[in-house]
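Notes to accompany the following structure.
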Amino acid sequence: MELAAALDESEAPDEVREAVAELIALKSVTRELGRGEVPRVLLKFVADEIERGEAFEDAQRGDVAEAMARCEEFFRVTVR
């Protein structure tokens, strides 16, 4: 999946989307392995997302078989 498409389907703030769009535009006219400073808005966004994800590290794990069954049912209902 393209980064821009993934961001379009997320709840990323507009400023993050704009910063990514600017970097993608820059990438199209520069070397693939160029150097530059990461926009602060992106550093903050990534740090915030990692922090949010860390909250789930110690979460209780449920019954895997039940979770799989629920996922399969969701898929069947959604795809039909």
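Just so you know, all these numbers are worked out from the coordinates, no wet-lab data involved. Because the structure is a prediction, the values reported are computed rather than measured. We place every Cβ from the backbone using ideal geometry, glycine too, and count neighbours over all the protein chains shown.
The set of residues from region 7-31 being among the hydrophobic types (A, V, I, L, M, F, W, C) and either in contact with a Lys or Arg (Cβ under 6 Å, 6 or more places away or on another chain) or within 18 Å of LEU43 (Cβ to Cβ) (or both) comprises LEU7, ALA12, VAL16, ALA19, VAL20, ALA21, LEU23, ILE24, LEU26.
Every residue, every condition in (1) in contact with a Leu (Cβ under 8 Å, 6 or more places away or on another chain); (2) among the β-branched types (Val, Ile, Thr), yes or no:
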| residue | (1), (2) |
| --- | --- |
| ASP14 | no, no |
| ALA21 | no, no |
| LYS27 | no, no |
| PRO39 | yes, no |
| PHE45 | no, no |
| GLY53 | no, no |
| ASP63 | no, no |
| VAL77 | no, yes |
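All conditions in (1) β-branched (Val, Ile, Thr); (2) part of a helix (DSSP H, G or I); (3) over 19 Å from GLU2 (Cβ atoms) hold for VAL38, with the sole exception of (2).
Residues in region 24-35 that are aliphatic (A, V, I, L, M) and either in contact with a Ser or Thr (Cβ under 6 Å, 6 or more places away or on another chain) or in a loop (DSSP other than H, G, I, E, B) (or both): VAL29, LEU33.
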